[in-house]
1. Go through segment 223-250 and count every residue that is under 17 Å from K265 (Cβ atoms) and acidic (D, E).
2. Specify which of the listed residues (Y210, Y242) is touching a residue at least 40 places away in the same chain (Cβ under 8 Å) and either farther than 18 Å from K186 by Cα or not β-branched (V, I, T) (or both).
3. State whether one or more residues within segment 26-38 are surrounded by 13 or more Cβ atoms within 10 Å (Cβ to Cβ), more than 23 Å from F150 (Cα to Cα), touching a residue at least 40 places away in the same chain (Cβ under 8 Å) and in contact with a strand residue (DSSP E or B) (Cβ under 7 Å, 6 or more places away or on another chain).
4. When you scan segment 14-121 for strands (runs of 3 or more DSSP E) that lie fully inside it, which ones turn up with 1 or more residues that are in contact with a helix residue (DSSP H, G or I) (Cβ under 8 Å, 6 or more places away or on another chain) and farther than 23 Å from V200 by Cα?
5. Which residue is nearest to I261 (Cα to Cα), if the candidates are limited to segment 17-57 and must be under 21 Å from the mean Cα position of the chain (by Cα) and of a type in the set (V, I, T)?
6. Sort out which residues of segment 46-74 are touching a Lys or Arg at 6+ places or on another chain (Cβ under 7 Å) and in contact (Cβ under 8 Å) with a residue 40 or more places away in the chain, and write them in order of number.
7. Of all residues in segment 50-63, how many are under 21 Å from G153 (Cβ atoms), in contact with a Phe, Trp or Tyr (Cβ under 8 Å, 6 or more places away or on another chain) and not aliphatic (A, V, I, L, M)?
8. Determine which single condition T212 fails, assuming it passes every other condition in (1) β-branched (V, I, T); (2) more than 26 Å from E165 (Cβ to Cβ); (3) touching a helix residue (DSSP H, G or I) at 6+ places or on another chain (Cβ under 6 Å).
Amino acid sequence: MKIGVCVYLNAINEMEKKFEDLRAQGFDNCQLLSWTPAVWTKETAAAVNALTAQYGVTISAFWCGWEGPCVWNFYEGQQTLGLVPPEYREMRIKNLCDGADFAKLLGVRNVVTHMGFIPENPNDPQFLPFCDAVRSVAEHCKENGQFLLFETGQETPVTMLRCFETVGTDNLGVNLDTANLILYGKANPVDALDVFGTYVMNLHAKDGCYPTNGHDLGVETPIGKGKVDFEALFEKLHALGYNSYVTIEREISGEQQNKDILASKAYLQAIIDRIYGGQ
């Protein structure tokens, strides 16, 4: 089991300091996140590859953003996020395919994104067109020898599973964000593993609380302070045979973010050592 962190790619001249900081915190792997298609070039990939070799950092996955508006709540989010809104779908298919090509240049096989508020009703007129869009990206990833991972949160676990079954490619997986299922009020992450556990290929270790109104997501907390039962989560992941990357995500900034990340590393490592026995 390998604990890492999230590292954002906005401009290549920022990356050396970010990898320096990552190693100083005791990490040797990360998910690389980017919402900036303009930097997904051969030149950027070569520079990132040089830095990861220099600092001994493994990129476990490329988290691929997309263009256009994005509002992280229950109202505007339905109309702006992922491949669900028809008016942004073609542009974002291209974004995700371009991101997958960039990830291939980095030697990264797992491409992660938020797909949006996938319709819960399989008879919704947008469900099948959405699945067609996912299939287009998945087939492009397959040509690259890659997997397309859905980050959990905006859909119930059974809706995600239904989408996988409808798309029908064999290279779909789950990036389990342990807090998002709670923040969006969709599920408990431990129980969600009963539905899609065999598809989990990467993990965002994050914590938080359930929503307290019908408009806004629940509040993210430091790991260990929210509703995620990490002990039960890793017990079940171990039973499922998961023994891969655990990527800490703390969506604040500044010195408190660094403090929370280091505290999270110690908290998670203790649980993982008890359950996995140093595997």
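1. Count: 2.
2. Details: Y210 fails: touching a residue at least 40 places away in the same chain (Cβ under 8 Å).
Only one candidate passes the filter, namely Y242.
3. Yes - at least one qualifying residue is present in segment 26-38.
4. On the way: elements: 29-34, 58-64, 110-113.
It comes to none.
5. The selected residue is V57.
6. Residue satisfying the conditions is W66 alone.
7. In the first step, residues of segment 50-63 are kept if they are under 21 Å from G153 (Cβ atoms); the result is 60-63.
Filter again for in contact with a Phe, Trp or Tyr (Cβ under 8 Å, 6 or more places away or on another chain), leaving 60-62.
Filter again for not aliphatic (A, V, I, L, M), leaving 60, 62.
Looking only at that region, the number is 2.
8. (3)
None of the figures in this text is laboratory data; all of them are computed from the coordinates on show. What you see is a predicted model, and the numbers here were worked out from it, not measured in a lab. Don't worry about glycine lacking a Cβ; one is built from the backbone with ideal geometry, like all the others, and counts go over all protein chains shown.
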